[in-house]
Amino acid sequence: MSQKVIVYTQETCPPCFAEKEWLKSNSIEFEERDIRQNPKFMDEVIELGASATPVTVIDSDGIRQVVMGFKEEELKKILSL
């Protein structure tokens, strides 16, 4: 199974910090994209229809799923944990 996880974050976001720690504790590799460090990342989040962080994009075997906010149960299901 091929899987890529991207987490859009910002420095002042407690749920972002919690999600990153949760992903690390579950040995899930992810790419962090700080929307305050790169305007392109902010544009990507807006295109996804989000108005807050974290936003998690999971591409798994050609299927793309987007999770708005840190929703542990939803992430567990998508990531098969």
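Okay, residues lined up against (1) of a type in the set (D, E); (2) touching a Cys at 6+ places or on another chain (Cβ under 9 Å); (3) farther than 17 Å from K4 by Cβ; (4) touching a residue at least 24 places away in the same chain (Cβ under 8 Å):
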residue: P15; (1), (2), (3), (4): no, no, yes, yes
residue: E31; (1), (2), (3), (4): yes, no, no, yes
residue: K40; (1), (2), (3), (4): no, no, yes, no
residue: I46; (1), (2), (3), (4): no, no, yes, no
residue: I58; (1), (2), (3), (4): no, no, no, yes
residue: F70; (1), (2), (3), (4): no, yes, yes, yes
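Which residues, taken from region 15-44, are of a type in the set (A, V, I, L, M) and under 19 Å from E74 (Cα atoms)?
Matches in region 15-44: A18, L23, I28.
Kindly list the number of the only condition in (1) within 12 Å of the chain's Cα centre (by Cα); (2) over 19 Å from E73 (Cα atoms); (3) among the hydroxyl-bearing types (S, T, Y) that fails for T12.
(1)
None of the figures in this text is laboratory data; all of them are computed from the coordinates on show. Quantities reported herein were computed from a predicted structural model and do not represent experimental measurements. Please note: Cβ atoms are built from the backbone with ideal geometry, for glycine as well, and neighbour counts cover all protein chains shown.
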